[in-house]
1. Residue by residue through the range 40-55, what is 3J(HN,Hα) from phi via Karplus (6.51 cos²θ - 1.76 cosθ + 1.60, θ = phi - 60°)? Round to whole Hz and write x for glycine and proline.
2. Calculate, for E119 and A35, the FRET efficiency according to 1/(1 + (r/R0)^6) with r their C-beta to C-beta distance and R0 22 Å; round to the nearest 0.05.
3. Step through the residues of the range 95-101 one at a time and calculate ³J(HN,Hα) from phi using the Karplus curve (6.51 cos²θ - 1.76 cosθ + 1.60, θ = phi - 60°), rounding each to whole Hz and writing x for Gly and Pro.
4. So who's got an amide H within less than 5 Å of the one on V83, skipping anything under 5 residues away but keeping other chains? H placed 1.01 Å off N, in plane.
5. Taking all pairs of different Cα atoms in the range 34-131, averaging 1/r and flipping that mean, what Kirkwood radius in angstroms comes out?
6. Which is the longest run of the chain containing none of the trypsin sites (Lys or Arg not before Pro) found in DSSP loop states (not H, G, I, E, B) with at most 14 other C-beta atoms within 10 Å?
7. Give the separation of the Cα centroids, the range 92-115 to the range 17-52, in Å.
8. Rounded, prolate or oblate: which one fits the range 39-86, using the alpha carbon gyration tensor with axes a ≥ b ≥ c (rounded when a/c is under 1.5, else prolate when a/b beats b/c, else oblate)?
Amino acid sequence: MSDPGDDPVAGPDWEELSHVLVDLVRTAVASAPDALTPVQLRCLEVLSASGGRARVSDLAEALGVVASSASRLVDRLVALGLVSRRQARASRREVDVSLTGAGRRAVQRSTAAVTAALETATAGMAEGDREALRRGLA
């Protein structure tokens, strides 16, 4: 007896869709002028959405990683000149991270690259299908 997941009429191949989406985003991010990793870009996006500043612990929570991983990620972004870090005024145990001007520009360029890749990838779709995809993925 065959598995219903093997029947192409039964629905999408979720594993294949996962690979397509990951490859699309990875390729788009890598083609951006700053060549950030998807995780680095996501961190910068979280900072941008929070007004350009956040605590390392808040970044860790938003990214779904432990604080030490977020701290190492911030170290790499500091080395690239995309963020700055300093001890929080409220607590000596907390660290504030801020986007630099270069970090803001990197977010804009990378977001534009991902947007362009998504537009290219969905160019052959009907507008209603594109909107349904956007809503479904949101």
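1. Here the 3J(HN,Hα) series is 4, 4, 4, 4, 5, 5, 4, 4, 4, 5, 8, x, x, 8, 7, 7 Hz.
2. 0.60
3. Once θ is set to phi - 60°, the couplings for the range 95-101 become 10, 8, 10, 10, 5, 8, x Hz.
4. Hits under the 5 Å cutoff: V78, T100.
5. 14.4 Å
6. 1-88
7. 11 Å
8. rounded
Read the figures in this text as sums done on the coordinates, not as results from a lab. Since the model is a prediction, treat every value here as computed from it, not as a measurement. Please note: Cβ atoms are built from the backbone with ideal geometry, for glycine as well, and neighbour counts cover all protein chains shown.
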